[in-house]
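Following: one structure in structure tokens, then a few remarks.
The values are calculated or read from the model by the stated rules, or taken from the named source; none is laboratory data. Quick caveat, the model's predicted, so the values are computed rather than measured. For neighbour counting, all protein chains shown are included, and Cβ atoms are generated from backbone atoms with ideal geometry for every residue, glycine included. Note: areas computed on protein heavy atoms with side chains; ligands, DNA, RNA excluded. Shrake-Rupley method; radii C 1.70, N 1.55, O 1.52, S 1.80 Å.
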Amino acid sequence: GDSVTQTEGLVTVTEGLPVMLNCTYQTAYSDVAFFWYVQYLNEAPKLLLRSSTDNKRTEHQGFHATLHKSSSSFHLQKSSVQLSDSALYYCALREGGYQNFYFGKGTSLTVIP
Amino acid sequence: GALVYQYPRRTICKSGTSMRMECQAVGFQATSVAWYRQSPQKTFELIALSTVNSAIKYEQNFTQEKFPISHPNLSFSSMTVLNAYLEDRGLYLCGARVLDYEQYFGPGTRLTVL
């Protein structure tokens, strides 16, 4: 079945340095969309990025991701992290139509001074 | 903009009792609502996907008998946790979906079971 695999566990990055959170997927569907959600402490997840177009870079709030169907990846990147970027990040895949969202297990990003 | 409200935000119930939680979409018509549970140290577990005027689809390990859902219109859904026990604790999120594949999460209802 469909699945999403993320960099697991805790990622710690020093403020001002770049970060990449990995996301790879498996799907049998061609009509799919991909999402990154960010969840701050004690808050609900919020949509950060979305894409369904191969090889097209998507950007928001300094983060960017490019869907690469050839490698089944949708990695999240930022060139210079801030302390306020510390949060849980979830990669998700949605099948076409009213089908399921498949979430990765989440990556906890901690930015240190 | 699209907003999703959930009520209550926090609730505590005694083991074996039931509690009902609500999800309200404001500013858009949610074609379907997904209910998730986020347990401690776990990712999202999809409980069920509810589409107005269609049968509610429950995921494996979740049943209508345990998590009955009502979805009377395009802006409101409710779910009850019947006979709640310790393993039912967690953050219950509703994700309201629109036709262009977006899913907007509510703030969640945090359930504590004593």
**Request:** Look through region B:67-85, keep the residues that are open to solvent by 50 Å² or more (accessible area, probe 1.4 Å) and not polar (S, T, N, Q), and return whichever of them is modelled with the highest pLDDT.
**Result:** B:LEU82
**Request:** Assess whether B:ILE12 counts as being crowded, with 20+ Cβ neighbours inside 10 Å and either part of a strand (DSSP E or B) or within 11 Å of chain A (Cβ to nearest Cβ) (or both).
**Result:** no
**Prompt:** What tally of residues in region B:46-72 results from selecting those that are part of a loop (DSSP other than H, G, I, E, B) and either of a type in the set (A, V, I, L, M, F, W, C) or within 14 Å of another protein chain (Cβ to nearest Cβ) (or both)?
**Reply:** 9
**Subset of region A:10-34 (residues that are under 13 Å from A:LEU67 (Cβ atoms) and within 16 Å of the chain's Cα centre (by Cα))** = A:CYS23, A:THR24, A:TYR25, A:VAL32, A:ALA33, A:PHE34
**Message:** Go through region B:38-66 and report how many residues are over 21 Å from B:GLN6 (Cα atoms), acidic (Asp, Glu) and surrounded by 11 or more Cβ atoms within 10 Å (Cβ to Cβ).
**Reply:** 1
**Prompt:** Which of the residues belonging to region A:1-16 are surrounded by 15 or more Cβ atoms within 10 Å (Cβ to Cβ) and modelled with pLDDT under 90?
**Reply:** A:ASP2, A:THR7
**Request:** Look through A:HIS64, A:HIS68, A:HIS75 and report the one residue that is farther than 22 Å from B:VAL98 by Cα and in contact (Cβ under 8 Å) with a residue 40 or more places away in the chain.
**Result:** A:HIS75
**Request:** Filter region B:79-95 down to residues that are under 17 Å from B:CYS13 (Cα atoms) and part of a strand (DSSP E or B), then give me how many there are.
**Result:** 6
**Request:** Residue by residue through region B:78-105, note down the ones that are in contact with a strand residue (DSSP E or B) (Cβ under 6 Å, 6 or more places away or on another chain) and within 14 Å of chain A (Cβ to nearest Cβ).
**Result:** B:GLY90, B:LEU91, B:TYR92, B:LEU93, B:CYS94, B:GLY95, B:ALA96, B:ARG97, B:TYR101, B:GLN103, B:TYR104, B:PHE105
**Message:** One residue is enough: does region A:68-86 have a residue meeting the conditions under 29 Å from B:SER32 (Cβ atoms), modelled with pLDDT of 95 or more and surrounded by 21 or more Cβ atoms within 10 Å (Cβ to Cβ)?
**Reply:** yes
**Asked** Quick one: would you say B:PHE28 is over 26 Å from A:LEU41 (Cα atoms), at pLDDT 90 or above and not in a strand (DSSP E or B)?
**Response** no
